[in-house]
């Protein structure tokens, strides 16, 4: 009988936890890919225009950090998918 009570209590706690997560799942967040550009200056920012190409010196296949709300969550590599630039998650932080 004690096992049945413990199982029922665990199930109730799990359901309460799931309900709390359901609400949190809809919260907005900002996902950013951080691409360091050593040597990039304010003058470079001021020269940016539509169709400007920036030489990143980032090696192909090198992992770039993925951040959610400023916190590192994963690393990934850039990839072309049709006519879009995508990032493939390669490692979770």
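The values are calculated or read from the model by the stated rules, or taken from the named source; none is laboratory data. These numbers were taken from a predicted model, which means no experiment stands behind them. Note that each Cβ is placed from the backbone with ideal geometry, even for glycine, and that neighbours are counted across all protein chains shown.
Can you tell me which residues in the range 23-39 are assigned to a loop (DSSP other than H, G, I, E, B), more than 18 Å from residue 87 (Cα to Cα) and at pLDDT below 90?
25, 26, 27, 38, 39
All but one of (1) over 15 Å from residue 91 (Cβ atoms); (2) surrounded by 10 or more Cβ atoms within 10 Å (Cβ to Cβ) hold for residue 55; state the number of the condition that does not hold.
So residue 55 meets the others, but not (2).
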